[in-house]
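Novice: Submitted below is the structure of interest, expressed as structure tokens.
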Amino acid sequence: QVQLIESGGGLVQAGGSLRLSCAASGSIASLNYMGWYRQAPGKQRELVATITSRRSTNYADSVKNRFTISMDNAKNTVYLQMNSLTPEDTAVYYCNAVAMATTNWRLGAYWGQGTRVTVSS
């Protein structure tokens, strides 16, 4: 199977920056797609940004021009650089990957445990 471990969350003041990392490990045959989602208190989980193995990216309108997603294929790691943070960005951020595992040679969706980001005003 595939495991995702996130890091980089924390407390930051409005206008500040944070960089989230998500490292994939395990029986990985290929990483087709990785992304970040977030869930604020009392709200549904929403897409933040995604990146494919071919570096095609997609962003939620609310984070465009502030957040940047990138991937290091050699390290099986995806990053989310978050700038100009606002209190509305406060949420638990989850890493997601669509990957093929060598255990079953099928594509599957995997989630990390989440990392909390708190932006104070």
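The values are calculated or read from the model by the stated rules, or taken from the named source; none is laboratory data. All figures in this text were calculated on a predicted structure; none of them were measured in a lab. Positions of Cβ are generated from backbone atoms using ideal geometry, with glycine treated the same way; all protein chains shown enter the neighbour counts. When the accessible area is computed, the model is the full protein with side chains, heavy atoms only, and any ligands, DNA or RNA have been set aside. Shrake-Rupley method; radii C 1.70, N 1.55, O 1.52, S 1.80 Å.
Novice: Per residue and in Å³, how big is the convex hull formed by the alpha-carbon atoms of the chain?
Specialist: So the per-residue Cα hull volume is 91 Å³.
Novice: Give me the 1.4 Å probe accessible area per residue for the chain, excluding ligands and nucleic acids, in Å².
Specialist: Heavy-atom SASA per residue in the chain reads 52 Å².
Novice: Shifting gears a bit: Which whole-number percent gives the relative contact order of the stretch 36-121, counting Cα pairs below 8 Å spaced six or more residues apart?
Specialist: Relative contact order comes out at 25 percent.
Novice: Sticking with this structure for a sec: Report, in debye and to the nearest 20, how large the dipole of the chain comes out about its Cα centre when Lys and Arg carry +1 and Asp and Glu carry -1 on their Cβ.
Specialist: 160 debye
Novice: Counting only protein heavy atoms and using a 1.4 Å probe, what share of the accessible area of the chain belongs to carbon plus sulfur, as a whole percent?
Specialist: In the chain, the share of accessible area belonging to carbon and sulfur is 47 percent.
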